[in-house]
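Everything on this sheet refers to the single structure shown next.
Every read-out reported here was derived from the displayed coordinates using simple, explicitly stated rules and does not represent laboratory data. Predicted model, so just to flag it, every value in this text is computed and none were measured. Cβ atoms come from the backbone with ideal geometry, glycine included; neighbour counts cover every protein chain shown.
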Amino acid sequence: MRSYRAALVGLFGSPVDENPTGVMEEAAFAAAGLDYRYMTCLVSPPDLPAAMAAVRALHLRGVNLTIPHKVAAVAHVDELSRAARLIGAINVVVNEGGRLRGDNTDGKGFLASLADAGVEVAGTAVTVLGAGGAARAIGVECALAGASLVRIVNRDPARGRALAGLLAEATPARAEYLPWTGTAPVPVGTDILVNATCVGLAPDTQTRPDIGYDGITAAMAVCDVVLNDPDSRFLAAAEARGARTVNGLGMLARQGALNFTAWTGVDAPLAVMEAVLRREFGIA
Ligand code: NDP
């Protein structure tokens, strides 16, 4: 018999009005012929417990979490992936018959976008600029994927040291914190350099992290998490020095694809998702 009840997923965050995830996921559901709806929900911090309870009460198949709920939502799920436990934040929940499983696919999306570009993480020295949510996800996933050394470069020493300490303690990788005062040098021996700060994010697309760009070599893979501009000034500077570059748009599409598969159990139409993001960000 035909079911008239679509599977429901969505996004809880504040603000969410300019978040294109729902458009991307709905296009993917349509392309895959799946009867799913994605609801983009404005949820204020005091309402997060009620919103998470509604995931069970309304039998949602799952949700995405974005700013400011990624850390607070951890307390509302029944189970966490290893990476999510280490990162201390989740961006996706899957509802398995009332049991909520939380994961963090930001770093996994990053790894997938590296793999798409033919960049191998195992055995490499990774330098991460930043120590916020994106940097934590990327640092943890690179360490779990076999990076031999992860260096964290951050302005706020407490945040930077905390992330490097976590990686050194809880993953097989070596990790160290490097202070970021003035123009931070790019550590010699870096194989993969990642801008995981918010520098360069729209509307400030003319800014780039204050680092010694002459330290970038053609042997490096240089990656940016900034998602709305695949030709960020950071990546342009790296490209000019012959480095291989990987942009944040692929990371965003890849994490969306992982979430799609976690909810539906089928492979995501990645090309459709990337095309939607390009259109929504006005990228030719
Ligand atoms: P957070 O606020 O958690 O962290 C911001 C980080 O940027 C901190 O380490 C902060 O350093 C650093 N920072 C800010 N301004 C400067 C500056 N002028 N110079 C040097 N460092 C600076 O943000 P998130 O980690 O959540 O997000 C970071 C970026 O990642 C955003 O652009 C976001 O859009 C992007 N992102 C992309 C995703 C994708 O799929 N492509 C997924 C998730 C996020 P300090 O600690 O010293 O203040």
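Miscellaneous remarks
- Summarising the amide proton neighbourhood of Val92: residues at separation of 5 or more, or on other chains, whose placed amide H is nearer than 5 Å comprise Leu65, Asp103, Thr105.
- Positive-end extreme of charge dipole, segment 108-177 - chosen from Ala162, Val140, Val150 (charges on Cβ): Ala162
- Cα-projected label distance for Cys198 with Arg174, points at 7 Å along beta-carbon direction, nm: 3.4
- Mean separation of Cα contacts under 8 Å, 6 or more apart, over the residue count of the chain: relative contact order %: 15
- Here's the picture: charge each Lys and Arg Cβ at +1 and each Asp and Glu Cβ at -1 in the chain, and of Ala275, Pro179, Gly118 the one pushed furthest to the positive end of that dipole is Pro179.
- At full extension, Ala57 and Asp17 could sit 11.9 nm farther apart than now, given 0.36 nm per residue minus the alpha carbon distance.
- Fraction of beta bridges assigned by DSSP in the chain that are antiparallel (%, nearest 5): 20
- The chain, dipole about Cα centre (Lys/Arg Cβ +1, Asp/Glu Cβ -1), debye to the nearest 20: 500
- Highest-fluctuation residue, Thr245, Thr21, Thr183 considered, GNM on the chain with Cα pairs under 10 Å: Thr183
- Ellipticity estimate at 222 nm from DSSP helix runs (n ≥ 4, -39,500 (n - 2.57)) divided over the chain, nearest 500: -11000 deg cm²/dmol
- Net length gained if the chain between Ala271 and Val188 were fully extended (0.36 nm per residue, minus Cα distance): 26.3 nm
- Ranked list, fewest to most other Cβ atoms within 10 Å of each Cβ, for Ile211, Ile283: Ile283, Ile211
- Virtual spin-label span in nm between Ala117 and Glu79, 7 Å along Cα→Cβ: 3.4
- Shape category assigned to segment 107-246 from the gyration tensor of Cα positions, a/c cut at 1.5: rounded
- For segment 119-166 versus segment 215-241, the inter-centroid distance based on Cα atoms is 18 Å.
- When the Cα convex hull of the chain is projected onto planes of every orientation, the mean area is 14.9 nm².
- GNM top mover of Gly250, Gly130, Gly165 - the chain, alpha-carbon springs below 10 Å: Gly165
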